[in-house]
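Down below is the structure, laid out as structure tokens.
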Amino acid sequence: MKSEVGLSLQRRKQLQDIFQDVIEPELRTLSTEMRQILCDDLVTALENRLIVLVGVEAKPR
């Protein structure tokens, strides 16, 4: 059985905000646009990893 993991736009925004808060000191030197790009990339990486792990867990052993 295939399980899909997907994040809504609202949830993606929440996670981006969390990443920005958590790594704020490291982001200070970046422009606002670069901060947004980095946080979006982090959320995408997390989502992709979740998809892979859910797929692995769903495989029969």
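Every number in this text was worked out from the coordinates using simple rules, so none of it is lab data. All values derive from a computational prediction rather than experimental measurement. We place every Cβ from the backbone using ideal geometry, glycine too, and count neighbours over all the protein chains shown.
Some observations on this one:
- Size of charge dipole - the chain - debye, nearest 20, with Cβ of Lys, Arg +1 and Asp, Glu -1, no other charges: 360 debye
- Average projection, convex hull of the Cα set of the stretch 9-58: 3.8 square nanometres.
- C-alpha long axis of helix 9-22 to longest principal axis of the chain, angle in °: 50 degrees
- Dipole-positive endmost among Leu7, Cys39, Phe19 within the chain (Cβ charges, Cα centre): Leu7
- Radius 14 Å from Cβ of Leu9, net charge of other residues (Lys, Arg +1; Asp, Glu -1): 0
- Radius 14 Å from Cβ of Thr44, net charge of other residues (Lys, Arg +1; Asp, Glu -1): +1
- Helical content of the chain, expressed as a calculated mean residue ellipticity at 222 nm, amounts to -24000 deg cm²/dmol (DSSP H runs of 4 or more residues, -39,500 (n - 2.57) each, divided by residue number, nearest 500).
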